[in-house]
Amino acid sequence: MQIRRNDPSDELSEVAAGLVGLTPAPDGPRWSLFYGHGPGTPWFDAGQVIEEAVFCYSLDYTPELVRWEYEPYDESSIWIVLANLHKGIVVGAIRAIVGELHQLKLDADMRRWWEVDLVEGLMRHGIDPDVGVAECATISVLPSWRRADSHWPLRALCAAFGQLVMDLGGSWCVQLQDVAGPRMLSRQLGLPFDVMAGFEPVDFLGPVIPTVSHVAEHFNSFAHHADEDFIALYAHRDQSVRAGTVLPVIDLTEPSVPKLPVPEEEIEAEVDVEVEGLI
């Protein structure tokens with residue numbers, strides 16, 4: 001159900017920016033990615049502000065329902081936050097959930113509504129459940145930015161999610177979506193989400209269905225049409241990681257809950273290698 005309320009974009013983008021001390025910087029890159037891990041850290045909290053605002057504006061959610069549904073997964077969540085540096089605001093965020101398959105939110109959703117677990121769902125779709133899988137739990141872009149520059153913020157966030165999962169050694173992502181989601185993301189934006197084989201929609205604030213995607217295609221679909229902003233976004237990924245929360249050590253090829261962060265100098269060395277391969 002689409003709920004029409006006052007657009008919270010301007011207010012909430014500034015609130016999120018205030019949490020991380022973001023101020024306008026018109027002379028540098030236009031966009032930057034920041035990563036948050038751990039409740040109570042600035043970029044984690046900024047991602048939650050955007051998520052709650054979008055869910056309460058666009059869907060029949062309340063702040064209490066958002067917290068009830070997602071708070072149990074905070075410890076295993078990594079936020080990817082997109083900021084417009086020229087304006088000094090936050091415009092969107094993705095909540096990635098990592099861990100063993102039974103720790104992902106979609107596993108609990110599938111048990112509740114379809115009475116099967118995520119392992120069986122992947123096998124029905126012909127995917128080896130032992131490959132690295134992460135969950136794209138929520139995609140939240142503030143309303144006034146959703147269609148900006150031909151959906152640029154949404155596409156950039158999905159590309160960043162795909163790159164993050166690949167950085168962690170993963171191959172696939174899963175997500176519970178509105179039934180219209182896979183068509184919109186796949187056909188309009190070139191981001192490949194398929195409905196899991198053998199499942200019918202159930203009603204949860206509208207019809208929803210489990211989906212799966214090969215994450216490498218998220219990055220590649222956008223990189224093939226890279227513009228100046230996109231190149232700049234990934235050229236500064238090393239700065240973004242240092243400016244945000246240090247990412248936890250996670251290996252999706254051997255699923256586990258997040259571990260303690262590695263020393264910052266090791267993070268910087270690894271990121272420098274990654275960035276060189278992207279440009």
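Overview of results
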{"quantity": "Calculated FRET efficiency for the pair VAL179/TRP68, C-beta based, R₀ 30 Å, to 0.05", "calculated": "0.85"}
{"quantity": "Amide hydrogen neighbours beyond the local backbone of GLY99, cut-off 5 Å, H modeled", "calculated": "SER256"}
{"quantity": "Segment 48-145: chymotrypsin sites (Phe, Trp or Tyr not before Pro) falling in loop per DSSP and having at most 12 other Cβ within 10 Å", "calculated": "none"}
{"quantity": "Debye log10 I(q)/I(0) at q = 0.09 Å⁻¹ for segment 1-158, Cα point scatterers", "calculated": "-0.32"}
{"quantity": "Listed peptides 41-51, 165-175, 203-213 by packing density, highest first (mean Cβ within 10 Å)", "calculated": "41-51, 165-175, 203-213"}
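Bear in mind these aren't lab numbers, they're just calculated from the coordinates by the rules spelled out. Keep in mind that this is a model prediction, so the values were computed, not measured. All Cβ positions, even for glycine, are placed from backbone atoms using ideal geometry, and neighbour counts span all protein chains on display.
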